[in-house]
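Shown next, in structure tokens, is the structure this report addresses.
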Amino acid sequence: WPCCCRPAARATPRPLPRYVGGMTTGAQLTRGGHDAYLLVLGHPAGGAQVATSTLYRSTDDGATWSDRGEPCPQAGGPDGEVDGVAIAAGGADRVSVLCVTRQAPQQRFVATSSDHGLHFAVLNPTPGDGAGLLAGDPTTVLLVAGQSAGPAVYRSVDAGRTWQLAAGVTGGVSWVGFESRTDGRIVSADGRRIWTTHDAGAQWTAFTFR
């Protein structure tokens, strides 16, 4: 019988520059337009003395990659280590990273880039308790979230300079993400509730699984 369908094209593996940072706690992959970013999260175990992350960036849909090292600007000195913990990409060469100081009391802030992740500028500290999730476009809307029991999701429409509490979202969350500039989802920490927005995070509608 004649075949009416073509087999799906296989993806071609692309090698990354060798990672030399020691053990990791995971990685995050995000993209905006033709730009793709892989943030490998650092871990001080395994002989490494620092927990800094490593950012790999591609500007050609993943065909080639470059190693940008730790994207978070460092504070300097032996106690000035700052580690990247989450990343979010937008269009037009924009990408943001959530940064955390290693030394207590830990501070969290967002650093943004408008040149494909070549350079990052530090913005204001993030609100809330223990932010560890970041999503959205650096110049349209950003969401930062934590795992605390109280209000944990905040929204910024000025690239992280100011933040407002995401109205209607309560409790800790396990995931945040946008599928477009306007449509996004938030998943509760226990996985039983999903909040949806269709206006870039201005309003959220909850659905609870029974």
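The values are calculated or read from the model by the stated rules, or taken from the named source; none is laboratory data. Quantities reported herein were computed from a predicted structural model and do not represent experimental measurements. When we count neighbours, we look across all protein chains shown, and the Cβ atoms used for this are built from the backbone with ideal geometry, even at glycine. Each accessible area value is taken on the protein alone, full model and side chains, heavy atoms only, with ligands, DNA and RNA left out. Shrake-Rupley method; radii C 1.70, N 1.55, O 1.52, S 1.80 Å.
Could you tally the net charge around Leu38, taking each other residue with its Cβ under 11 Å from the Cβ of Leu38, Lys/Arg +1 and Asp/Glu -1? Present the calculation step by step, with values, prior to reporting the outcome.
On the way: positive: Arg14, Arg31, Arg57, Arg68; negative: Asp67.
Charge balance in the 11 Å sphere: +3.
Residues within the reach of a label modelled at Leu16 (point 7 angstrom out along Cα to beta-carbon, backbone nitrogen below 17 Å), restricted to the range 50-71, are 51-71.
Pulled fully out, how much extra length does the chain show between Asp115 and Thr182, if you take 0.36 nm times their separation in residues and subtract their Cα-Cα distance? Don't jump to the answer; show the numbers that get you there.
On the way: separation 67, 0.36 × 67 = 24.12 nm, distance 2.32 nm.
Separation in residues times 0.36 nm, less the Cα-Cα distance, equals 21.8 nm.
Between the alpha-carbon centers of the range 154-200 and the range 74-112, tell me the distance in whole angstrom. Here the two parts' Cα centres lie 20 Å apart. Surface composition of the chain: carbon plus sulfur atoms hold 54% of the accessible area, using a 1.4 angstrom probe and ignoring ligands, DNA and RNA. Solvent exposure of the chain, expressed per residue, is 54 Å² of accessible area, with all protein chains present and a 1.4 angstrom probe.
Label the range 91-210 by shape, choosing from rounded, prolate and oblate, from the square roots a ≥ b ≥ c of the eigenvalues of the Cα gyration tensor; if a/c is under 1.5 it is rounded, and otherwise prolate applies when a/b is larger than b/c, oblate when it is not.
Oblate, since a/c reaches 1.5 and b/c is not below a/b.
Would you compute the Debye intensity of the chain from its alpha-carbon atoms alone, equal scatterers and no solvent, and pass along log10 I(q)/I(0) at q = 0.08, 0.15, 0.16, 0.17 Å⁻¹ to two decimals? After summing over all Cα pairs, the log10 values are -0.30, -0.95, -1.06, -1.17.
A simple rule links phi to the HN-Hα coupling: the Karplus curve 6.51 cos²θ - 1.76 cosθ + 1.60 with θ = phi - 60°, which for the range 162-169 gives 9, 9, 10, 5, 6, 5, x, 9 Hz, with x for Gly and Pro. Computed over the chain with a Gaussian network model linking Cα atoms closer than 10 Å, the most mobile of Ala75, Ala189, Ala121 is Ala75. Here the peptides 97-107, 190-200 are ranked by packing, the mean other Cβ count within 10 Å, and the order with the highest first is 97-107, 190-200.
Model label points for Asp190 and Val122, set 7 angstrom from Cα along the Cα-to-Cβ axis, are 3.9 nm apart. Amide H contacts for Ala86 (H built 1.01 Å from N in the peptide plane; partners 5 or more residues away or on another chain; cut-off under 5 Å): Leu98.
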